[in-house]
Amino acid sequence: MAIPNMPDEKLRLALKELEQAAYNHEQWAEMIYGTLICRLTPDERDISDEAHRMCRFGQWYYRDGITALEHHPGVAEIGHEHQRMHQHAASLLRSSVSGTPIAIGDYERFVTTVKRLRLELDTVHRELADALFNLDPLTGTRNRASMLTSLREQQALAKRGVHPCTLAMMDLDHFKAVNDKYGHVIGDKVLIGFAHHIIMHLRPYDKIFRYGGEEFLIIMPDADMKAGRDIVDRLREELGALRFDAAGKEIFHVTVSFGLAGLDPDIPVEQSIDRADNALYVAKAMGRNRAITWNESMSTSPGDANGSA
């Protein structure tokens, strides 16, 4: 995940500061356009080699306003585009002051960097808002608020025969025993470790949602059942091999169980989720630490489900 785990208060502050910085940038850009069009005397700071550090946006960016997001790749690109934009602006302003005609190519390069900077700002803003309102604060996975929307979008593609989609319901095996033995702080570390591993090792367009407690739902677009099963089997082995430290006293492992089902284009998405959940119940009933694919023999009632690996 690009946005780091942060308390809601810090996310709100970062979002507010980014919005103010973006507003300051827009005000600056309007001023530059006006100066060029009306041939006004430019602000000396805008033709300085350090212009990108002197504007209000730059003062925020190069001080402590961006610290919480300094490792975000989009934030680094914001800095690069912002500096290039000021270099192009300074060149245009110097030409204007000297009476030298401004080449259309030079002007277009300036406009392009303004647009690119705006795009980078909008992208980080959207990710911050998503992290604040749609991500689980503990694990960094998506919460259930946007789950059905994502599934219905994928189902619309499946209905057109464009892309198959596989769902996987995942549950940590004997997780209550982990909490009882090691405490909830260690239990939370296990949840975070599992979630981060999955986020880092899924395909870029796959999505993981915290369904509740220690249950997660994984959406794998453009994956038929075989491809989805291959992804899940790999994850199951990797997760079972993760090592957790019980406060320096003991190293332990936790296994996981999966239930898989296709996202059926002809039934409500909730029913496809139920199928994956039923398959998960069978996996747990058969001894856990395995992946089970839903089939017609499995009852719609988890308590009556039966199936085979």
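Key figures for this structure:
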quantity: Scan of segment 1-36 for residues that are of a type in the set (Gly, Ala, Ser), in a helix (DSSP H, G or I) and either closer than 18 Å to Leu117 by Cα or modelled with pLDDT under 85 (or both), ordered by number; calculated: Ala14, Ala21, Ala22, Ala29
quantity: Complete set of residues in segment 142-183 that are closer than 20 Å to Arg275 by Cβ, of a type in the set (Val, Ile, Thr) and either out of contact with any strand residue (DSSP E or B) (no Cβ under 6 Å at 6 or more places or on another chain) or assigned to a loop (DSSP other than H, G, I, E, B) (or both); calculated: Thr149
quantity: Boolean, Asp106 is buried (at least 17 other Cβ atoms within 10 Å of the Cβ), of a type in the set (Asp, Glu) and not assigned by TED's automatic domain parsing to the domain that holds Lys189; calculated: no
quantity: Matching residues in segment 241-264 - criterion: being touching a strand residue (DSSP E or B) at 6+ places or on another chain (Cβ under 9 Å) and closer than 22 Å to Ala223 by Cα; calculated: Val256, Ser257, Phe258, Gly259, Leu260, Ala261, Gly262, Leu263
quantity: Subset tally (residues that are without any contact (Cβ under 8 Å) to a residue 40 or more places away in the chain and of a type outside the set (Ser, Thr, Tyr)) for segment 93-109; calculated: 8
quantity: Options Arg234, Arg290, Arg229: the member that is assigned by TED's automatic domain parsing to the domain that holds Leu157, out of contact with any helix residue (DSSP H, G or I) (no Cβ under 9 Å at 6 or more places or on another chain) and modelled with pLDDT of 95 or more; calculated: Arg229
quantity: Number of positions in segment 141-154 that are farther than 22 Å from Asp188 by Cβ and either among the hydrophobic types (A, V, I, L, M, F, W, C) or surrounded by 19 or more Cβ atoms within 10 Å (Cβ to Cβ) (or both); calculated: 3
quantity: Identity of the residue in segment 155-188, acidic (Asp, Glu) and in contact (Cβ under 8 Å) with a residue 24 or more places away in the chain, that ends up surrounded by the most Cβ atoms within 10 Å (Cβ to Cβ); calculated: Asp171
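The values are calculated or read from the model by the stated rules, or taken from the named source; none is laboratory data. On a predicted model such as this, the values are computed, not experimentally measured, just so you know. Glycine gets a Cβ as well: all are built from the backbone with ideal geometry, and neighbour counts include every protein chain shown.
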